[in-house]
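Everything on this sheet refers to the single structure shown next.
The values are calculated or read from the model by the stated rules, or taken from the named source; none is laboratory data. None of the values given here were measured: they were computed from a predicted structure. Using ideal geometry, Cβ is built from the backbone for each residue, glycine included, and neighbour counts are taken over all protein chains shown. For the accessible areas, the whole protein counts, side chains as well, though only heavy atoms, and no ligand, DNA or RNA atoms are used. Shrake-Rupley method; radii C 1.70, N 1.55, O 1.52, S 1.80 Å.
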Amino acid sequence: MAPAARAGGSEKLSVRSLLLSEHPSHPTHRVYVKAQVVTTLRFEKAVDPDKTKMLGWEGRLEPLAVVRNKVILEPLHALGSDEAIPLVVTLVDGTEVAFLLRSRDYQDWALADQQIDVFQDRESYAAMHDALMRALDQNDALSEQLARYRQEEHSGDHALAALLTAGALEQTPFKLAGYVTGKDDAADVNATLYKGKGKAAVVFRIKNLSPEQPWSMTSARVLSVVTGQERPVAARSLPSKIGPGESGVVAIVADRSAFMEDGKLTSVFLEVYRNGGLRQAFIQLDPDLVAK
């Protein structure tokens, strides 16, 4: 099983908006940062670089950079759960905005702020346009999620994956085909390969080795060895988040059609990604798993 690797371009950026007038009782705003991940604060007005300062950042962050209306931050290493770095951004009109740089908490450790768009007035055109775009994005995401759930309700492969995560192997057509093991700093992974009637399955038993951070699967995909083309795959995880020191199960089911290339059966690569955009597992599945 291959070591962890950074996911490709399919990973989404973490961008959020901050409307200052909505938080008048909270003069200090949190910014969630992560080691070697650039975080950009973007303002409506230009920033005064001479009056924009961090306190106690030496050795923990790169020197901050100001580019017109943007403040750019990059931690050298992960901040501890009890660490906080004050930041004061001063705009050219004299407005001061206070921030506190922190790492994410237990549940959301992987989601660093890659960009924060800061607005002062909800009535400004930029703020209203941003709110509209966010609402449209949320609507699209919910529609896509609903469509996927409806499709999965009628998918036999997803039903099989659910049975495998529940440990109900006897209710599936699969038979044992082999084992693969792997381990990194985040997780101890044991994979069991199964072959069935025109389908293949892999069941991952995962122990979270992190003392603080949860483990969760963000995506799984099957790729043709010949062309690299992505093929449909069904995935289930139980539980959805595996706590520190705890264990869980991820089941993947691929149909025989995923192994077809120009009318012939070929090998495929199975990739599983965890939170933080890291590849947790990389396994080559041979066509004999789905041979009739």
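Over the stretch 203-267, give the accessible area per residue in Å² for a 1.4 Å probe, as an integer.
48
For Leu164, Leu278, what's the largest-to-smallest order of accessible area, 1.4 Å probe?
Ranking Leu164, Leu278 by accessible area, largest first, yields Leu278, Leu164.
Could you list which residues have their amide H under 5 Å from that of Asp117, counting only those 5 or more apart in sequence or on another chain, with H placed in the peptide plane?
Arg16, Ser17, Leu18, Arg42
Which of rounded, prolate or oblate describes the stretch 31-73 when judged by the alpha-carbon gyration tensor and an a/c cut-off of 1.5?
In terms of gyration-tensor shape, oblate.
Subtracting the Cα-Cα distance from 0.36 nm times the residue separation, let me have the gained length for Asp93 to Ser240 in nm, one decimal. Could the numbers behind the result be given before it?
On the way: separation 147, 0.36 × 147 = 52.92 nm, distance 4.71 nm.
Full extension of this stretch gives 48.2 nm more.
At a 1.4 Å probe radius, which order do Glu83, Glu230, Glu261 fall into by accessible area, largest first? Before the final figure, lay out the partial values.
On the way: Glu83 45, Glu230 105, Glu261 25 Å².
From most exposed to least exposed: Glu230, Glu83, Glu261.
Based on alpha-carbon centroids, what's the gap between the stretch 54-88 and the stretch 217-270 in Å, whole number please?
38
I need the peptides 266-273, 217-224 ranked by packing, meaning the mean over residues of other C-beta atoms within 10 angstrom, with the highest value on top.
Highest-to-lowest ranking by the protection proxy: 266-273, 217-224.
Please list, or write none, the lysines whose alpha carbon is within less than 27 Å of the alpha carbon of Lys197, excluding same-chain residues fewer than 8 places away.
Cα-Cα hits under 27 Å: Lys175, Lys264, Lys292.
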